[in-house]
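Written out below as structure tokens is the structure these notes cover.
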């Protein structure tokens, strides 16, 4: 039980550390609303669940030991982050009340659905293509596994705990962000935020391959 509590505490600390997920969730929540933030979290959870099953199949160790495969994931993931950052930097305008009122209800609903789908895909892809996620499963989790027990069951359990803790933390994060939106949604502030998150995503992408 002590080991499990220690694992949960460390998983929470890892989730709270600013990183790619934090930046993406901030960007999507402030640009497109709390629901977009929650869809990003759902995508993140999908990515973590993917790596849980990969770990159970033993492929995470194979990936980590294969220089070519690990490097490919690393560079593709970094390129994706840089791509998202450049998109954010080049975005011409932020979401304004005037533009919303000008759209028909059908167009607005369609636009929102597209934002939610894109937010989900960003969360999922960024986690699936994040080589650091592989390292979590082959360096962090094994420290809490009892080799005398069922390793696969333990991996599934630890992976689900990590996912639930990360989702819980980021749902709280989105809740607070949503309440801060009143002043963060001001055009000038949002523009600065959009450019800043773009630079942060590019920086994270560069850091991934350094």
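The values are calculated or read from the model by the stated rules, or taken from the named source; none is laboratory data. Fair warning: this is a prediction, and the values are worked out from it, not measured in the lab. As a convention, Cβ positions derive from the backbone with ideal geometry for all residues, glycine included, and neighbour counts pool all protein chains shown.
Specify which of the listed residues (114, 127, 191) is within 26 Å of residue 35 (Cβ to Cβ), over 15 Å from the mean Cα position of the chain (by Cα) and at pLDDT 75 or above.
Checking each option against the conditions leaves just 114.
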Handout entry: Any hit, the range 169-180, residues being more than 18 Å from the chain's Cα centre (by Cα), under 30 Å from residue 32 (Cα atoms), free of Cβ contacts under 8 Å to residues at least 60 places away in the same chain and in a helix (DSSP H, G or I)
Key = yes
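Touching a helix residue (DSSP H, G or I) at 6+ places or on another chain (Cβ under 7 Å) and farther than 18 Å from residue 162 by Cβ: is that true of residue 43 in this structure?
Working: touching a helix residue (DSSP H, G or I) at 6+ places or on another chain (Cβ under 7 Å): yes; farther than 18 Å from residue 162 by Cβ: no.
No; evaluated as a whole, the condition is false for this residue.
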Exercise for the section: Restricting attention to the range 142-168, report how many residues are over 13 Å from residue 50 (Cα atoms), touching a residue at least 12 places away in the same chain (Cβ under 8 Å) and under 19 Å from the mean Cα position of the chain (by Cα). Expected result: 5
Completion exercise
For helices (runs of 4 or more DSSP H) lying entirely in the range 19-73, having 3 or more residues that are surrounded by fewer than 20 Cβ atoms within 10 Å (Cβ to Cβ) picks out 34-56, 59-65
Handout entry: Evaluation of residue 62 against (1) at pLDDT 70 or above; (2) under 19 Å from residue 194 (Cα atoms) (one fails), failing number
Key = (2)
Practice task
For residue 143, indicate whether it is more than 29 Å from residue 88 (Cβ to Cβ), modelled with pLDDT under 80 and exposed (fewer than 14 other Cβ atoms within 10 Å of the Cβ).
Solution key: yes
